[in-house]
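Asker: Pasting a structure here, questions to come.
The values are calculated or read from the model by the stated rules, or taken from the named source; none is laboratory data. Please read these numbers as outputs of a predicted model, since none were measured by experiment. Cβ coordinates were reconstructed from backbone atoms using ideal geometry, including for glycine residues, and neighbour counts include every protein chain displayed. Just the protein is used for accessible areas: all its heavy atoms, side chains included, with ligands, DNA and RNA removed. Shrake-Rupley method; radii C 1.70, N 1.55, O 1.52, S 1.80 Å.
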Amino acid sequence: MGFDNFTMGEFMGRLKKRLANEQGTFIVTANPEIVMYAREHPDYQQLVDEADFVTADGIGVVKGAQMLGTPLKERVTGYDLMENLLQLAADDGYRVFFIGAKPGIAEKAAAKAQARFTGLQIVGTHDGYFPLGDAGVTRALVAAKPDIVFAAMGYPRQEQFISGMRRHLPDALFMGVGGSFDVLSGTVKRAPQVFQKAHLEWFYRLLKEPTRAKRMLVLPRYLNAVRREAKKR
Ligand code: UDP
């Protein structure tokens, strides 16, 4: 998977320009789970290939890039990028749509965001549990005329949703943000700063949600795949 090697500042500069030019944009924030899933699912890889930007979310990706001799300047997490885009939307008057998470969570996340980013216009919210391609959901999004759409449905669903919705809103910026509405709404706590700084957010989440352990088994497989790839090169 090819990652864009930008710092957060460089990223934001580009996105600001693209929004000003009404240039449709699709951002994937990829962690090791997503990298492995794409390797094993060509149809998903194809969706990721459609994206305009792929950021390195997760320290595993930064480490992997280092091992491959193609180091990245920094980790750009989906959550931080979403916060920066919300600030930009509030400052420059962009219209934002929140879609994803369990019923009621997107509304709560929207209220929190509006309290934090003064002047932020959230023009619509929807939960993440509907059949992909649902005509009512498409109509609601098109009618709301958003400039930025955050889709919080986890992979691969959020990327599948974005890929289908882009053609209905060709000027908008779309970004998959995983479990971010759960965090923004206050339903789930983000890892404390100490864990974030030590790049141990994954460990904090494991402590809080032990059921995630199975999902984390992908990490050793990911490291093996990187090692094999590094050898090949
Ligand atoms: N979700 C959704 N629709 C679905 C399945 C999941 O909206 O059909 C939501 C779920 O409620 C949660 C998010 O997607 O808010 C996925 O969170 P997770 O922590 O698994 O994502 P990650 O950040 O790890 O990619």
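Asker: Charges at C-beta only: +1 for Lys and Arg, -1 for Asp and Glu. How large is the resulting dipole of the chain about its Cα centre, in Debye rounded to 20?
Answerer: Computed charge dipole of the chain: roughly 800 debye.
Asker: How high is the relative contact order of the chain, in percent, counting Cα pairs under 8 Å that sit 6 or more residues apart? Intermediate values should be presented prior to the final figure.
Answerer: Values: 369 pairs, mean separation 54.5, N = 233.
Here the relative contact order equals 23 percent.
Asker: Further question on the same structure: Classify the stretch 1-68 from the C-alpha gyration tensor, please: rounded if a/c falls under 1.5, else prolate or oblate depending on whether a/b exceeds b/c. Write down the numbers at each step before the final one.
Answerer: Working: a/c = 3.11, a/b = 1.40, b/c = 2.22.
Because a/c hits 1.5 or more and a/b fails to exceed b/c, the stretch 1-68 counts as oblate.
Asker: When the accessible area of the chain is computed with all protein chains present and a 1.4 Å probe, what percentage of it is carbon and sulfur? Don't skip to the end; give the middle numbers.
Answerer: Values: 6170 of 11660 Å².
Accessible surface attributable to carbon and sulfur in the chain totals 53 percent.
Asker: By the gyration tensor of its Cα atoms, with a ≥ b ≥ c the square roots of the eigenvalues, what is the shape of the stretch 114-174: rounded for a/c under 1.5, prolate for a/b over b/c, or oblate? Mind showing how you got there, number by number?
Answerer: On the way: a/c = 1.74, a/b = 1.46, b/c = 1.19.
It is prolate, given that a/c is not under 1.5 and a/b is the larger ratio.
Asker: Translational D (Stokes-Einstein, µm²/s) of the chain at 37 °C and 0.692 mPa s when Rh comes from the Kirkwood sum over C-alpha pairs?
Answerer: 180
Asker: Next up: By the gyration tensor of its Cα atoms, with a ≥ b ≥ c the square roots of the eigenvalues, what is the shape of the stretch 62-161: rounded for a/c under 1.5, prolate for a/b over b/c, or oblate?
Answerer: Working: a/c = 2.29, a/b = 1.40, b/c = 1.64.
Note, shape of the stretch 62-161 comes out oblate.
Asker: Can you list the lysines whose alpha carbon sits under 24 Å from that of residue 232, skipping same-chain ones fewer than 8 residues off?
Answerer: Within the straight-line cut-off, residue 232 pairs with 63, 73.
Asker: Per DSSP helix of 4 or more residues, -39500 (n - 2.57); summed, then divided by the residues of the chain. What does that give at 222 nm, rounded to the nearest 500?
Answerer: Numbers: 13 runs with 123 residues, N = 233.
Rounded to the nearest 500, the figure is -15000 deg cm²/dmol.
Asker: Right, here's the next one. Could you sort 12-24, 74-86, 51-63, 209-221 so that the peptide with the highest average Cβ count within 10 Å comes first and the rest follow in order? Spell out each step's value before the answer.
Answerer: On the way: 12-24: 14.7, 74-86: 20.2, 51-63: 22.0, 209-221: 11.5.
Order by mean packing, descending: 51-63, 74-86, 12-24, 209-221.
Asker: Could you list which residues have their amide H under 5 Å from that of residue 26, counting only those 5 or more apart in sequence or on another chain, with H placed in the peptide plane?
Answerer: Those lying under 5 Å, H to H, from residue 26 are 52, 53, 174.
Asker: As a test of understanding, state the convex hull volume per residue of the stretch 101-233 from its alpha carbons, in Å³.
Answerer: Details: hull volume 22.1 nm³, N = 133.
Here the figure is 166 Å³ per residue.
Asker: To the nearest Å, what is the center-to-center distance of the stretch 1-74 and the stretch 157-178, using C-alpha atoms only?
Answerer: 15
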